Amino acid sequence: CFDDNQLKVYSNEILDLIVRICTNIESLYEDIYRDKFSKTEPKIGPMITKLNEMLFLEDKIICVANDNFRFHKEMKEIKPFKYKNKSKDDFYSTYNALKHNRSANMKKANIYTLLRSLAAFYALCVIFDDKWTPLQNSIYGSKTPYTFTYNSELFSAKVYDKQLTYAEQSIIFLAAKI
């Protein structure tokens, strides 16, 4: 079991996982950006900034839902995109530090950063996925759309709903105009 006392545990294996997860995060950012704007930018930074603002990523909450994780403080619910640049919560700066100077930054490759980067990856996967999956109805032979949850063995999250997000953005826009 993992608990609050183990969050600073670090290793080469954790470092490798963080680098792999964050490489996939960058790829997902590009995929989501391309999906929203039909193009990408030469650098990842502007894409991340624009998507963070557009999708309200700082507000996304991921809950650690596995019984093997017995956190009582900050890691019960993770806001992976809410951090100050280069703070301990900033998994992306940590990823870049690990990528460019592994030995000097080894202690940053800890369980805390691993879970924050994994939560960010999970959230972006939920955002990128469509949620509507055609099922073959065995009785009628028709395809039936259904909504499913994104809960996993490690995380749970409120289902990201594009229509709800657009409605929220419209309400905010209208409120600002009034």
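Numbers below:
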item: Cut-off under 5 Å, modelled amide H: who pairs with Tyr83 long-range; result: none
item: Alpha-carbon spread of segment 1-94, three principal axes, descending order, Å; result: 44, 29, 23
item: Segment Leu17-Ser103, extension gain: residue separation times 0.36 nm, minus the distance between their alpha carbons; result: 29.4 nm
item: J(HN,Hα) series, segment 108-125, from Karplus relation 6.51 cos²θ - 1.76 cosθ + 1.60, nearest Hz, glycine and proline x; result: 6, 7, 10, 4, 4, 5, 4, 5, 5, 5, 5, 5, 5, 4, 4, 4, 5, 4
item: Violating pairs (Cα-Cα greater than 19 angstrom) within the set Lys82/Lys107; Lys8/Lys107; Lys39/Lys79; Lys36/Lys82; Lys84/Lys108; result: Lys82/Lys107; Lys39/Lys79; Lys36/Lys82
item: Relative packing of peptides 37-49, 8-20 - highest average C-beta neighbours within 10 Å first; result: 8-20, 37-49
item: Long-range amide H partners of Asp3 with built H, under 5 Å; result: Arg70
item: Other-chain or far-sequence residues with amide H under 5 Å of Ile78's (modelled H); result: Ile62, Cys63, Val64
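A short reminder: the numbers here are calculations on the coordinates, not readings from a lab. Only a predicted model underlies this, so the values are computations on that prediction, with no experimental measurement involved. Reconstructed Cβ throughout: ideal geometry from the backbone, glycine too, with neighbour counts over all protein chains shown.
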